[in-house]
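Working notes, beginning with the structure itself.
The values are calculated or read from the model by the stated rules, or taken from the named source; none is laboratory data. Just so it is clear, the model here is predicted, and its values are computed rather than measured. Heads up, the Cβs are rebuilt from the backbone with ideal geometry, glycines too, and the neighbour counts pull from every protein chain shown. SASA here: full protein model, heavy atoms, side chains in, ligands and nucleic acids out. Shrake-Rupley method; radii C 1.70, N 1.55, O 1.52, S 1.80 Å.
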Amino acid sequence: MAIIATKRLTRIYGKQAARFTALQQVNLQIQAGETVAIVGKSGSGKSTLLHLLALLDQPTTGTVFFDGQDTRQLTAQALDQLRLARFGFVFQQFFLNSQDTVYENVVLPLKIAKITGLARKKQALAALKAVGLADKAKNKATDLSGGQKQRVCIARALVNQPQIIFADEPTGNLDSVTGAMIADLLLTLNRDRGMTLIIVTHDPELAAMCDRQLQIVDGQLIGGGQDDRG
């Protein structure tokens, strides 16, 4: 069974003259442990699809299934809990609290999950070790390079040991060398931990490293969906 699947997923913004169809009738399946790149031109609907898959937005029509469950049947509280426990997020903009330490930024999801004491510290330090930043735990986020900030974001995404990491242009603000290091780190985590990795990217090299590419054109999936349900 697919870990994430969609059926006739559609997202429309605005009304009447301002009505815009960002995503139209998308059917797809993503298996546990896959690395999937969502590719397409700017404005094609890539980030809209990612946000719907990550349950950060709701479709106008259609369905997102997680582990076979229709997510429309979940309460807002259950959706929040699912995202917190099962998903990790890495964005192009780092969204770090710049005056907090690296450790304080990484530990935030554990605080929200009400994990306390030694368990919290152990998980946070393990996540920092996984991205090679254990020695930066006490540094303020504002003092880090762009690549280091993105690694902190990945550590924060990892800290709850999620099943899926959603990454929206994770190399977009980085130079080519640093971007390649971040891409390699994400794919290594997929290989070593079996995490499903879903990436929106303009980077053809990163996309080519993934198991599969979902090509979005004008809000429609034109290849790579692996779904014949119609």
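Shape call for segment 116-182 from the C-alpha gyration tensor, a ≥ b ≥ c root eigenvalues: rounded (a/c under 1.5), prolate (a/b greater than b/c) or oblate?
oblate
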> Based on Cβ point charges of +1 for Lys and Arg and -1 for Asp and Glu, what charge dipole magnitude is obtained for the chain about its Cα centre, in debye rounded to the nearest 20?
Replying inline: 720 debye
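When a/c is below 1.5 the answer is rounded, else prolate if a/b is larger than b/c, else oblate, so apply that to segment 90-201 with a ≥ b ≥ c taken from the square roots of the Cα gyration tensor eigenvalues.
Taking the square roots of the gyration eigenvalues as a ≥ b ≥ c, segment 90-201 is oblate.
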> Which of the lysines could a cross-linker span from Lys121 if the Cα-Cα distance has to be under 18 Å and same-chain partners fewer than 8 positions apart are dropped?
Replying inline: Lys111, Lys129, Lys136, Lys138, Lys140
> So if we plug the beta-carbon distance of Gln93 and Lys114 into 1/(1 + (r/R0)^6) with R0 = 30 Å, what FRET efficiency do we get, rounded to 0.05?
Replying inline: 0.65
> About its Cα centre, what dipole magnitude does segment 24-82 give when the only charges are +1 on Lys and Arg Cβ and -1 on Asp and Glu Cβ, stated in debye to the nearest 20?
Replying inline: 260 debye
> About its Cα centre, how strong a charge dipole does segment 72-157 have in debye, to the nearest 20, once Lys and Arg get +1 and Asp and Glu get -1 at the Cβ?
Replying inline: 240 debye
> So how tilted is helix 76-86 from the main axis of the chain? Cα-based, degrees 0 to 90, rounded to 10.
Replying inline: 60 degrees
>> As a test of reading the structure, rank His202, His51 by solvent-accessible area (1.4 Å probe, protein chains only), most first.
In response: His202, His51
>> If packing is taken as the average number of other Cβ atoms within 10 Å across a peptide's residues, how do 166-172, 217-223, 77-83 rank, most packed first?
In response: 166-172, 217-223, 77-83
>> Accessible area per residue for the chain in Å², computed with a 1.4 Å probe and the full protein assembly in place, what is it?
In response: 50 Å²
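In whole percent, what relative contact order does the chain give with Cα contacts below 8 Å and a gap of six or more residues?
31 percent
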> Relative to the first principal axis of the alpha-carbon coordinates of the chain, what is the inclination of helix 117-130, with its axis defined by its Cα atoms, in degrees from 0 to 90 and to the nearest 10?
Replying inline: 80 degrees
>> Accessible area of the chain with a 1.4 Å probe: how many percent of it is carbon plus sulfur?
In response: 49 percent
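For Lys15, Lys121, Lys136, Lys7, give me the order by solvent-accessible area with a 1.4 Å probe, most accessible first, ignoring ligands, DNA and RNA.
Lys15, Lys121, Lys7, Lys136
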>> Among DSSP bridges having both ends in the chain, what percentage is antiparallel? Round to the nearest 5.
In response: 50 percent
